[in-house]
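Heads up, the thing below is written out as structure tokens.
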Amino acid sequence: MSDIDNKLQSINIEDVMSEIRNDIKEKYSDSDLTTFDDVLGDSDFSFLSYAYSDISLQRSVEYVVSHREVQVNYPITGNPIKVFYKKLCRRLMAFYVNHLFAIQNDINYHMANSVFQLYGYKNKLNSKGDFLKRLESIEQENDYLKTRISELEAKLNK
């Protein structure tokens, strides 16, 4: 064990890394190397539109709510031997898989419910905003009518 420890301690990481870099430079030109911009990653959301769309949100909510349950028993097709084998595997793993499906369905239900509640809350805020705008216009009209009444009363008293 001490020989291995001595060898590991004697290895200089910087020297090894410089050798690896030199090997890469010798084998590949700079144009052959792949950069991070060349690789599509999980953070590439360029396909999404950043503009808010109420119709798109409503469609997404309807889809999430209607597809929140994952089905355990889907139809098995194929030749009779494959069908028998798949049914046998399904029955042998049912105790484990059905439990996972139940957990996933619970998560999906609560996620769909959360999205649905947020959509309802957004609609409620929109209606409150409309109500506040209407209330403001009524208050402005009321102020105008009060000033008009006072002007007419002043003319009447002359």
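For the pair TYR63 and LEU156, label points projected 7 Å from Cα toward Cβ lie 6.4 nm apart. Note on ASP130 and ILE13: the model spin-label points, each 7 Å out from Cα along the C-beta direction, lie 6.2 nm apart. Cross-link partners for LYS146 among the lysines, with Cα-Cα distance under 28 Å and sequence neighbours closer than 8 places in the same chain left out: LYS128, LYS133, LYS155, LYS158.
Taking amide H as placed 1.01 Å from N in the peptide plane, the amide H of ILE76 sits under 5 Å from none that are at least 5 places away or on another chain.
Here, each number is a calculation from the coordinates, and none is a lab measurement. For clarity, every value in this text was computed on a predicted model and none was experimentally measured. A quick note on method: Cβ atoms are made from the backbone with ideal geometry, for glycine too, and the neighbour counts reach across all protein chains shown.
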